[in-house]
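The values are calculated or read from the model by the stated rules, or taken from the named source; none is laboratory data. Because the structure is a prediction, the values reported are computed rather than measured. A quick note on method: Cβ atoms are made from the backbone with ideal geometry, for glycine too, and the neighbour counts reach across all protein chains shown. Areas reflect the complete protein model, heavy atoms only, side chains present, ligands, DNA and RNA absent. Shrake-Rupley method; radii C 1.70, N 1.55, O 1.52, S 1.80 Å.
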Amino acid sequence: MSFDEEYFKSEDFREILESYETSMNQGESPFMDVDDLVDIADYYNWKGYGEQADEAIEHALELYPDATLPNVYRARQALMDGNYEEARSFCQSIANREDPDYHYLVAEIMIAEGRIDEADNYLKAYGTTVDDDEREDFIRDCANLFVDYDVSSKAYEWMAKSKDDDSDDFKELAARTLFSMGKYKDSERLFNELIDRHPYSKHYWNALASAQLMNEDPSAAVTSSEYAIAIDPNDPDALFSKANGLLKLGNYPEALKYYQRYAEKEPDDELAQLNEAVCHVNMGQTTEAIEHLQKAARLCPADSVYLPQIYQELALCYSSRKEPEAALQVLDKTEALECDHIDMLVIRGHILMENYRNEEAEEAFSKAIELSDYAPGVMLRIIISLFDNHYTEDCYEMFLKFFDLIGQCYPDFHDGYAYMALCCYETARVKEFLHYLRLAVQHNPQEAQLVLSNLFPQGTKVSDYVSYVERKITNEKS
């Protein structure tokens, strides 16, 4: 949801807000224009004050039960909760059926229910009634609806109907659409253009940081987040983005600090607890990691997309403490969830192997390979498990067979080179280490950084890994 930050900072709005808050603090029921009450609710949401926002909307509905905007507001809340019947009920409460926001809400309910083409046709039909001077705003609003629900192809189709529009709203819409289409570099470029116009917009800095993170540029994302934090030191999105960037950079102590600051603002966010746990795991603090994972599991709704990962991380923590039964008991909980059950079989095999139950581990691995129809990604994760469990020579031999197989059957599969390079490094196979390092840097630099960064001085670019090793070998020979 976008907010009009400039209006919220204006003297006009400050007077309206002050009048409202003065009345509420005195226990009075302020009589105000419905649009002003909705603006106040939007302001509170922008500041992260959800309860106050709901209070302002409820007051608006008491005064104007059939008004458009407060009913739209509550309907969208219902849609976020997946309560389509309640959303329709609020929609039906709207008296003015000629209001554009009524029609947008009708279409939004269709989109939320997955009736994409029906919503598209509804908007096209409504568009025939829109005046020419409102056409651009209508197109932008329709595209925004589809972007909000990640229906990027439809959003792009609607944007293509627009004439040249250099407005901030249209540029932001284009950036969000490109982001949802996976075109992160193009999205980043547009957000930079918006920041050139509005350098003190934390909203744009946060959006830029998200695009940079998705574009595998965590250093830039951290910098962008720092600008947002400078504008608002307590902004949860900025704190979270900086923590995510630091996590990707492997700076776990600093990442943990920013996740903790974020959690102070958003104590019920299970993802923050999960990421705090990941930091503790990488810092060798298993007990602390388990505490955060258990808290994350308690916070999770039953349908949380993060629950499988929470159980997986918790199982691995118990396994590392040589508590296999506790680990397997937690992992069993994923069987009733929507997740990659083949991947969970691989995790099960890893836990069993880590606790010296190799026959059971082999059985789990074999089942995972069979169920995946010998998918290379599954085989690779099993080989990595061997390496993690210190079967280094076995890992090396399996990698040789693996690369021979994928070379014949999966020529476009480029994962695993960095792990093989690390395996060769651990077994002092210098020439092979350099060979697989070159392949890793060339074909999968993200994996190379993730797996091999600890072998190089902090801040070394992936593109410099090979030359660094070559220089080191030359110096050792001379």
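Let a ≥ b ≥ c be the square roots of the eigenvalues of the Cα gyration tensor of region 204-275; is it rounded (a/c under 1.5), or, if not, prolate (a/b larger than b/c) or oblate?
Note, shape of region 204-275 comes out oblate.
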Item to complete: Provide the gained length on full extension for the span ALA302 to GLN408, in nm with one decimal, where the gain is 0.36 nm per separating residue minus the Cα-Cα distance.
Response: 33.9 nm
Response to the item:
The answer for GluC sites (Glu not before Pro) in region 313-357 that fall in a DSSP coil and have at most 11 neighbouring Cβ atoms within 10 Å is GLU338
Worksheet entry | For region 450-460, Karplus couplings with θ = phi - 60° (6.51, -1.76, 1.60), whole Hz, Gly/Pro x | 4, 8, 10, 4, 5, 7, 10, x, 4, x, 5
Worksheet item: How about LYS431: which lysines have a C-alpha closer than 29 Å to its C-alpha, ignoring those fewer than 8 places off in the same chain?
Response: LYS401, LYS461, LYS472, LYS477
Response to the item:
Which of LYS124/LYS163; LYS163/LYS183; LYS295/LYS333 exceed 20 Å between C-alpha atoms? The answer is LYS163/LYS183
Worksheet, complete the sentence: With the dipole of region 357-478 defined by +1 on each Lys or Arg Cβ and -1 on each Asp or Glu Cβ, the option from GLN442, TYR410, VAL466 whose Cα lies farthest towards the positive pole is VAL466
Item to complete: May I ask for the distance between the Cα centers of region 240-257 and region 106-170, given as a whole number of Å?
Response: 37 Å
Fill in: Relative contact order for the chain, counting Cα pairs under 8 Å that sit 6 or more residues apart, in percent
4 percent
Worksheet item: Expressed as a rounded percentage, what relative contact order does region 290-334 have, with Cα pairs under 8 Å and six or more residues apart?
Response: 33 percent
Worksheet item: Relative contact order for region 260-331: what is it in percent, counting Cα pairs under 8 Å that are at least 6 residues apart?
Response: 24 percent
Practice prompt. Whenever you get a sec, compute what percent of the accessible area on the chain sits on carbon and sulfur atoms (1.4 Å probe).
Written response: 46 percent
Practice prompt. May I ask for the distance between the Cα centers of region 290-366 and region 7-38, given as a whole number of Å?
Written response: 51 Å
Worksheet item: To the nearest 20 debye, what charge dipole does region 166-284 have about its Cα centre, counting +1 at the Cβ of each Lys and Arg and -1 at the Cβ of each Asp and Glu?
Response: 280 debye
Worksheet item: For region 339-444, what is the accessible area per residue in Å², given a 1.4 Å probe and the full set of protein chains?
Response: 53 Å²
Worksheet item: In region 1-104, which trypsin sites (Lys or Arg not before Pro) are in a loop and have at most 11 other Cβ atoms within 10 Å, using DSSP for the loop call?
Response: LYS9, ARG97
Practice prompt. DSSP loop (so not H, G, I, E, B), at most 13 other Cβ within 10 Å: list which chymotrypsin sites (Phe, Trp or Tyr not before Pro) in region 270-358 pass both filters.
Written response: TYR356
Worksheet item: Once a ≥ b ≥ c are taken as the square roots of the eigenvalues of the Cα gyration tensor of region 191-321, is the result rounded (a/c under 1.5), prolate (a/b larger than b/c) or oblate (a/b not larger than b/c)?
Response: prolate
Worksheet item: Rounded, prolate or oblate: which fits the chain when a ≥ b ≥ c are the square roots of the eigenvalues of the alpha-carbon gyration tensor, with rounded for a/c under 1.5 and prolate only if a/b beats b/c?
Response: prolate
